[in-house]
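In what follows, a structure is listed as structure tokens, so that the remarks can point back to it.
We did not get these values from a lab; they are worked out from the coordinates using the rules stated. Not measured: the values here are computed from a predicted model. No Cβ is skipped: glycine too gets one built from the backbone with ideal geometry, and neighbour counts run over all protein chains shown.
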Amino acid sequence: MKNREPKFSIAVHFIEDGIRSGKFNIGDRIPSVNAMKIRFGLSRSSVLLAMSELKSRGIIEAEPAVGYYVASDNIRTKHKILLLFNEFNAFKEDIYNSFIRSIGDQAQVDIMFHNFNFSVFETLLKNAPGKYTEYVVMPGKFTGIAPLLDSLGGRVVLVDHFADELKGRYSSVGQDFEEDTYNALESSLKSIQKYNNIVLIQSTQKEPEERYDGIVHFCQEFGFYPTHVKSIAGYTPHKGDLFITAEDREMVDLIKTASAKGMRPGVDFGIISYNDTPIKEVLCGGISTLSTDFSQMGRTLAELVLEDGIRTVANPCKLIIRMSI
């Protein structure tokens, strides 16, 4: 049986039809809440819900003490979406492009970046309630933000990395950094048995700490020795070390430092790098990588935005073995 539309939809369709017919043009005032309440036999709260939907889609705006006016004639758009990402890089671009292709012409999308600055993150979201129908948020390590997300007034979907306390409260697609790291090492056990120590090179400023949890779990189970350093500058590479690098600059510095000691990747020491890039296919004969599918993440994100209910999705991840191990 087809779901019935909510009562306030009659007011939404009235404004849409008025824009479509030319009765209401951009800048024109629309009938007041009281006028539509009487015209359609709706409660005041129902009319306000209609205004809220139209406002979140960017079709109308409110002028304090005056009323509502038409701000856009793009009535085809049913979704106005805010993407709040942590930073712009090649991987986030892959997510964005895949999301835009998947969402098609069903939505108007704005993208903003908080650059791991909580004050910026908080300010952007505090200025956003009621302006969008959906909010796609990449909070990273920020904690205690559920009240802020709940205040947005639209559907919230989390993406990539977020605190455990948020799991199950909102739909999400992300990486399981601990499990992905453990599974990658376990699947390549035959290739890495020649090493003794597994060294994670990762700054804790923005990268997921769960990666090291996966390394520790693996080392405890299979007899390796785990180490975590923030930079290769604070560690002297030894033969028998397998390095897992989170940042490309650190990977390059590692290769330079080890080369100066006459050590060869894949022979004297090993490298696994997070997130595959074309340069890693050829550097040092090929750098092994552990990478999630960012394009798939964008496609899943579009599905979560458009569907009802709450769903948690673990994005697929794979290990690509090359000469560096």
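Structural remarks
- Tilt relative to the chain, helix 294-306 - C-alpha long axis, 0 to 90 degrees, to 10: 30
- Using the Cβ-Cβ distance between GLU186 and ASN34 with R0 set to 56 Å, the FRET efficiency works out to roughly 0.25.
- Chain lengthening between ASP248 and ASP110 when straightened (0.36 nm per residue, less Cα-Cα): 46.8 nm
- Put the Cα centre of the stretch 45-66 next to the Cα centre of the stretch 266-291 and the gap is 53 Å.
- Under 24 Å of direct C-alpha separation, and excluding same-chain neighbours fewer than eight residues apart, LYS239 reaches these lysines: LYS190, LYS194, LYS230, LYS256, LYS261, LYS280.
- Crossing angle, helix 248-260 versus the chain [Cα axis fit, 0-90 degrees, rounded to tens]: 10
- Choice from GLY262, GLY104, GLY140 showing the highest fluctuation, given a GNM over the chain with Cα pairs closer than 10 Å: GLY262
- Whether the stretch 177-292 is rounded, prolate or oblate, judged on the alpha carbon gyration tensor where a/c under 1.5 counts as rounded: rounded
- Remark: the chain carries a charge dipole of roughly 860 debye about the Cα centre, counting +1 on each Lys and Arg Cβ and -1 on each Asp and Glu Cβ.
- Spin-label model distance (nm) - ARG101 vs GLU63, 7 Å beyond Cα toward Cβ: 4.4
- Whole-number percent relative contact order across the stretch 177-292, with pairs defined as alpha carbons under 8 Å at least 6 apart: 25
- Here LYS7 is the anchor, and the lysines within straight C-alpha reach of less than 20 Å, apart from those fewer than 8 places off in the same chain, are LYS37, LYS55, LYS78.
- Cβ-defined net charge surrounding LYS206, 11 Å radius [Lys, Arg +1; Asp, Glu -1]: -3
- Footprinting exposure proxy for HIS161, HIS238 (fewest neighbouring C-beta atoms within 10 Å first): HIS238, HIS161
- Given (1) 15.3; (2) 18.0; (3) 20.3, the label whose value is mean projected area of the Cα convex hull in nm² derived from this model: (3)
- Here THR277, THR133, THR300, THR181 are placed in order of increasing Cβ neighbour count within 10 Å, fewest first, which gives THR277, THR133, THR300, THR181.
- Residues of the stretch 303-319 with amide N under 13 Å of the 7 Å Cα→Cβ point at ALA146: none
- Antiparallel %, DSSP beta bridges [both residues in the chain], to 5: 20
- In degrees, nearest ten, helix 90-103 long axis to first principal axis of the chain (Cα): 40
- Among ASP105, ASP241, a tally of other beta-carbon atoms within 10 Å of each Cβ gives an order, fewest to most, of ASP105, ASP241.
- Take every pair of alpha-carbon atoms less than 8 Å apart whose residues are at least six positions apart; their mean separation over the length of the chain yields a relative contact order of 15 percent.
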